[in-house]
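> Mind looking over this structure? Questions follow.
The values are calculated or read from the model by the stated rules, or taken from the named source; none is laboratory data. Everything quoted here is computed from the prediction, not taken from an experiment. Because the Cβ atoms are built from the backbone with ideal geometry, glycine has one as well, and the counts that use them run over all protein chains shown.
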Amino acid sequence: MSDHPIEPFRIKAVEPIRLLTRGEREQRLTDAGFNVFNLKAEDVYIDLLTDSGTGAMSQRQWGGLLQGDESYAGCRNYYHLQEVVQDITGYPHVIPTHQGRSAEHMLFTLLLEKGDYVVSNTHFDTTRANVLYRGAIPIDLPDPSCTDVTADHPFKGNLDCERFEELIQSKPGRVKVCVLTITNNSVGGQPVSVTNVKQVAEICKRHDIRLMFDCARFAENAWFVSQREHDQSGRSLKEIAQTIFSYGDGCWMSSKKDGLANIGGFVAVRDDELAERVREMMVVIEGFPTYGGLAGRDLEAVARGLEEVLTAEYLEYRTGQVEWLGESLSEAGAQIVRPIGGHAVFIDAGAMYPHIPPHQFPGQTLTVGFYREGGIRTVEIGSIMFGGTDPETGKQMQAPHEFVRLAIPRRVYTATHLQLVVDAYRRLYAARERASGFAIEYQSRFLRHFTARLRELPSRESETVGR
Ligand code: F0G
């Protein structure tokens, strides 16, 4: 296994964190109904719930906050952001939003009618929710290589072009938008190749379908392309990103990821009329189109983040750190999604706890275990998140996998922190046969994972493990 990459920065401001005692952690779990979304963040030691908005900004970004121009209209930070986004994407119209999902909401409200189809390599949850909200139908067509979650394939984020063509044939004229999520979060932060982008773009052009990128992690995608796609190696990361965007009609971004900022997003498009309509809608729901629900200083942080993110020093360290964690967990016994993605490690909790059936939520067993063992917060991506009753059909839904995601905030945790995560996992793995599942005591109708309260089922043996 490779060494942990060396951080290409030193630490200038620190935020104290504290590990509660085991007894305190037990109490917090009980109070939270065994749902880590209900924990207070200050009770968490290492927070791997998400990589979204949780990163550390650079001194250049912090410096930029003082340069915030808080004018209502036309602030200078908007023009800076516009210039940076135009340079990377080539799209002339740049409209800031307060985060990714508000961009999705506006775009899909304008682009979709009831019964339209949207095809994606995989819709992220909020993207899917916004498509459904319009009465349209989101279809995921991920590359067939991702059905085998442990098989190494360089571009598991790709869209399956064959099935895309078939769908277009079977629903003539009804597929309106194609979304390429780069990287493809829901299948494990896997990249999309330039070759796939070209093929998808060609299909879209032939059938008059708009091609949009959901580009929250476009820089991590560019890094993987530079490492894995032979005819792209030797090109700069910015050139690779520019090439990818050149095939599309537009994009939206949650700048809380590869924008290296704590809040922000934008829409960027070629189409003059669509841009005009987004701007009209902005005024009603987000704010004047040059600030998009953000302060001038936030726009500056995003502009500077986007200028920093496409550097090899940063991306090599970033993806190397995630890889180090994945390989270390794998060595400690975990079955993980491979290849290791750009922003997170996904552990197969179903494989770890074969005695816990999906309806007793093995992913939750591991999630609760991580908090118990090390004050570590992760997230279940399994039958709590995707199971339950379909509100439309009343049918029981089944999650395809019982995963736990460990998402790594950018530039926040050191090798020592992540070693602690591996050590906690080692203890959980040693005690896996004695672990028990959960039952839901309360759940909401939609997105139950955020609010559910659970009860721990009696374990086979009552003894606890670890410190
Ligand atoms: N698209 C992708 C691919 C995302 O991963 C997210 C958020 C969004 C859109 C929505 O952006 O949060 O700014 O409104 N993903 C976070 C996560 C929440 O944890 O993966 P947002």
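> For residue 176, all conditions in the list (1) of a type in the set (D, E, K, R); (2) outside any strand (DSSP E or B); (3) touching a helix residue (DSSP H, G or I) at 6+ places or on another chain (Cβ under 7 Å) hold save one; what is the number of the exception?
If we test residue 176 against (1) of a type in the set (D, E, K, R); (2) outside any strand (DSSP E or B); (3) touching a helix residue (DSSP H, G or I) at 6+ places or on another chain (Cβ under 7 Å), just (2) comes out false.
> When the residues of the range 106-135 are filtered to those that are more than 15 Å from residue 159 (Cα to Cα) and among the β-branched types (Val, Ile, Thr), which remaining residue is farthest from the chain's Cα centre (by Cα)?
At the first step, the residues of the range 106-135 found to be more than 15 Å from residue 159 (Cα to Cα) are 106-117, 125-135.
Within this subset, residues satisfying the condition of being among the β-branched types (Val, Ile, Thr) are 109, 126-127, 131.
Working: 109: 22, 126: 11, 127: 11, 131: 18 Å.
Only one residue fits best here, namely 109.
> Tell me yes or no: at least one residue of the range 285-294 is of a type in the set (A, V, I, L, M) and either touching a residue at least 40 places away in the same chain (Cβ under 8 Å) or within 16 Å of the ligand (Cβ to nearest atom) (or both).
Checked against the condition, which is being of a type in the set (A, V, I, L, M) and either touching a residue at least 40 places away in the same chain (Cβ under 8 Å) or within 16 Å of the ligand (Cβ to nearest atom) (or both), the range 285-294 yields at least one hit.
> Take the residues in the range 135-148 that are within 19 Å of residue 110 (Cβ to Cβ) and buried (at least 19 other Cβ atoms within 10 Å of the Cβ); name whichever of them is nearest to the ligand (Cβ to nearest atom).
Once the filter is applied, the top-ranked residue is 138.
> Going by the conditions given, is residue 179 buried (at least 23 other Cβ atoms within 10 Å of the Cβ), closer than 30 Å to residue 281 by Cβ and either within 16 Å of the ligand (Cβ to nearest atom) or not aliphatic (A, V, I, L, M) (or both)?
Against the criterion (buried (at least 23 other Cβ atoms within 10 Å of the Cβ), closer than 30 Å to residue 281 by Cβ and either within 16 Å of the ligand (Cβ to nearest atom) or not aliphatic (A, V, I, L, M) (or both)), residue 179 qualifies.
> Do you know which of the residues in the range 395-413 that are of a type in the set (Lys, Arg) and within 16 Å of the ligand (Cβ to nearest atom) is nearest to residue 8 (Cα to Cα)?
Residue satisfying both the conditions and the ranking: 410.
> Select from the range 70-126 the residues that are more than 10 Å from the ligand (Cβ to nearest atom) and farther than 30 Å from residue 198 by Cβ and list them in ascending order.
Within the range 70-126, 70, 71, 72, 73, 74, 75, 76, 77, 78, 79, 80, 114 qualify.
> Here's something else I'd like to know. So is residue 305 at pLDDT 95 or above and farther than 19 Å from residue 89 by Cα or not? Spell out how you get there, then give the answer.
On the way: at pLDDT 95 or above: yes; farther than 19 Å from residue 89 by Cα: no.
For residue 305, the condition - at pLDDT 95 or above and farther than 19 Å from residue 89 by Cα - is not met.
> While we're on this one: Residues in the range 1-57 that are under 30 Å from residue 315 (Cα atoms) and basic (Lys, Arg): how many?
The total comes to 3.
> Hey, another quick one. Scanning for something more than 16 Å from the ligand (Cβ to nearest atom), more than 16 Å from the chain's Cα centre (by Cα), without any contact (Cβ under 8 Å) to a residue 24 or more places away in the chain and more than 18 Å from residue 26 (Cβ to Cβ), does the range 353-368 turn up at least one residue? Please lay out each step first, then the result.
Within the range 353-368, the subset more than 16 Å from the ligand (Cβ to nearest atom) is 353-362, 364-366, 368.
Filter once more, so that each one left must be more than 16 Å from the chain's Cα centre (by Cα): 353-362, 364-366, 368.
Imposing the further condition that a residue be without any contact (Cβ under 8 Å) to a residue 24 or more places away in the chain reduces the set to 354.
In the following step, the residues that additionally are more than 18 Å from residue 26 (Cβ to Cβ) were identified as 354.
Taking every residue of the range 353-368 in turn, at least one turns out to be more than 16 Å from the ligand (Cβ to nearest atom), more than 16 Å from the chain's Cα centre (by Cα), without any contact (Cβ under 8 Å) to a residue 24 or more places away in the chain and more than 18 Å from residue 26 (Cβ to Cβ).
> Okay, next question. Between residues in the range 152-164 that are closer than 10 Å to residue 339 by Cβ and residues that are among the hydrophobic types (A, V, I, L, M, F, W, C), which pairs lie under 7 Å by C-beta distance while being six or more apart or on different chains?
Matching pairs, first to second residue: 155/192; 156/146; 156/187.
> Of (1) in contact (Cβ under 8 Å) with a residue 60 or more places away in the chain; (2) more than 11 Å from the ligand (Cβ to nearest atom); (3) assigned to a strand (DSSP E or B), residue 211 satisfies all except one. Which?
That leaves (1) as the condition not met.
> Search the range 182-208 for residues being closer than 17 Å to residue 309 by Cβ and not in a helix (DSSP H, G or I), and hand back the single one that is farthest from the ligand (Cβ to nearest atom).
Applying the filter and picking the extreme gives 191.
> Please work out which one of (1) more than 11 Å from the ligand (Cβ to nearest atom); (2) in contact (Cβ under 8 Å) with a residue 40 or more places away in the chain is the condition residue 252 fails and give its number.
Only one criterion in (1) more than 11 Å from the ligand (Cβ to nearest atom); (2) in contact (Cβ under 8 Å) with a residue 40 or more places away in the chain is unmet by residue 252, namely (1).
> With the condition kept exactly as written, say whether any residue in the range 203-212 is in the same structural domain as residue 183 (by TED's automatic domain parsing) and in contact with a His (Cβ under 6 Å, 6 or more places away or on another chain). Please lay out each step first, then the result.
Residues of the range 203-212 that are in the same structural domain as residue 183 (by TED's automatic domain parsing), as a first pass: 203-212.
Pick out the ones that are also in contact with a His (Cβ under 6 Å, 6 or more places away or on another chain) and you get none.
No, the range 203-212 has no match at all.
> Looking at (1) without any contact (Cβ under 8 Å) to a residue 60 or more places away in the chain; (2) in a loop (DSSP other than H, G, I, E, B), which is the only condition residue 416 fails?
(2)
> For the condition surrounded by 13 or more Cβ atoms within 10 Å (Cβ to Cβ) and touching an Asp or Glu at 6+ places or on another chain (Cβ under 6 Å), what is the one hit in 399, 435, 407, 415?
407
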